[in-house]
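Student: Pasting a structure here, questions to come.
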Amino acid sequence: MSCGTTPIRDLGSRRRSLPVNRCGQERELRLSVIRHSITSVPSDDQRSLRAAEVVAYDERWPRMFRQVAAEVNRALAGIEHEVEHIGSTSVPGLAGKPIIDLFAVVSSSDDVQAAIAALGQHGWLHEGDGGLEGRESFPVRPDLPYQHLYLVVRGNEQHLLQTRFRDILRADEQARTEYAGLKAKLAPLLATDRAAYSEGKTELVHSVLRRHGFPTWSGVR
C-alpha cells in the first residue's frame, strides 16, 4: 500500500481524508482512530446484549426519548404527527429492558406511506408490521440511544392499547409492582427465547387491562 492520502473512517463522524506522508505516521493515525472507536462507541453486539436484560429504572431514559423523538420530528417535518414514549422506559420507577420504545403517531392512514418514506430518508428503513397489524416497525438507528420505533395511526388498536397500558402502569402502583415482578422472573428468557418472554407477560397484561375496563388486546410487549 502506498503512503499517499488515505481516507480513514472515524466512527461517529463523516469520512475524511488525512494527508499522510510516511507509513509510520499513517499507521499511528489508524491505530489512534481504532483506539478512539473502541473506547467511545459501543458495537452493535454490545448494544444488543445490554438490551437483552431487565434493568432498574434509569433516570436518563426520558432524556434519551427526547433525543430520539427530536430526530423523528425532523424526519416527519411537514407530516402531521406526534411522538409518544411507550413501553417500560416510559413508566417512572419501572424496571425494564433498556430500549426506548416510541410511537410516531399520524392522524390518518392516508399519511402512513408518506411517513414511511420520510423515515426511510432519515435512516429508518421500513421492516413491515412485525406480525402486529396496524403497527409499522423500523430498525434500530445506531447513532441514537437504543430504540424501537413504530408508526401507528391515531386511535387504532395498537395506539390505544399500548398507551392505555402505559398510563395504567404510571398510575397504578399495584399493577406496576406486579408487572415488574413478573418481568424479573421472566428475564432469563431474554437470553434464549424472546418470544417466550413476551408471551409470558400475556396473562398479566390481559388481567391489568380488564381490571381497568379495557377490552382484549392483540399485542402489548
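The values are calculated or read from the model by the stated rules, or taken from the named source; none is laboratory data. Keep in mind it's a predicted model, so treat the numbers as computed, not measured. Using ideal geometry, Cβ is built from the backbone for each residue, glycine included, and neighbour counts are taken over all protein chains shown. All accessible areas refer to the heavy atoms of the entire protein, side chains included, with ligands and DNA or RNA removed. Shrake-Rupley method; radii C 1.70, N 1.55, O 1.52, S 1.80 Å.
Student: Consider R66 carefully, then state whether it is modelled with pLDDT of 95 or more and either open to solvent by less than 60 Å² (accessible area, probe 1.4 Å) or not in a loop (DSSP other than H, G, I, E, B) (or both).
Tutor: yes
Student: Being at pLDDT 95 or above, open to solvent by less than 30 Å² (accessible area, probe 1.4 Å) and in a loop (DSSP other than H, G, I, E, B): is that true of L102 here? Show your work before the answer.
Tutor: Details: at pLDDT 95 or above: yes; open to solvent by less than 30 Å² (accessible area, probe 1.4 Å): yes; in a loop (DSSP other than H, G, I, E, B): no.
No, not satisfied.
Student: Hey, any hits in the stretch 177-189 for a residue that's of a type outside the set (S, T, N, Q), modelled with pLDDT under 95 and touching a Phe, Trp or Tyr at 6+ places or on another chain (Cβ under 6 Å)?
Tutor: Yes, the stretch 177-189 contains at least one residue that is of a type outside the set (S, T, N, Q), modelled with pLDDT under 95 and touching a Phe, Trp or Tyr at 6+ places or on another chain (Cβ under 6 Å).
Student: Would you mind finding the one in G123, G130 that is closer than 30 Å to A77 by Cβ, at pLDDT below 95, outside any helix (DSSP H, G or I) and under 19 Å from the mean Cα position of the chain (by Cα)?
Tutor: Testing whether each residue is closer than 30 Å to A77 by Cβ, at pLDDT below 95, outside any helix (DSSP H, G or I) and under 19 Å from the mean Cα position of the chain (by Cα) leaves just G130.
Student: To continue, here is another question. Looking at the stretch 157-204, which of the residues that are more than 21 Å from the chain's Cα centre (by Cα) and closer than 28 Å to H81 by Cα is surrounded by the fewest Cβ atoms within 10 Å (Cβ to Cβ)?
Tutor: Looking at the filtered set, the residue picked out is A171.
Student: Identify the residue in the stretch 69-86 that is touching a helix residue (DSSP H, G or I) at 6+ places or on another chain (Cβ under 6 Å) and within 17 Å of Q113 (Cβ to Cβ) and, among all such residues, is surrounded by the fewest Cβ atoms within 10 Å (Cβ to Cβ). Reasoning before the result, please.
Tutor: Just the residues of the stretch 69-86 that are touching a helix residue (DSSP H, G or I) at 6+ places or on another chain (Cβ under 6 Å), to begin with: 75-76, 79, 83, 85-86.
Filter once more, so that each one left must be within 17 Å of Q113 (Cβ to Cβ): 75-76, 79.
Numbers: A75: 21, L76: 21, I79: 16.
My answer is I79.
Student: Testing S137 on (1) closer than 22 Å to H81 by Cα; (2) in a loop (DSSP other than H, G, I, E, B), one condition comes back false. Which one is that?
Tutor: Exception for S137: condition (2).
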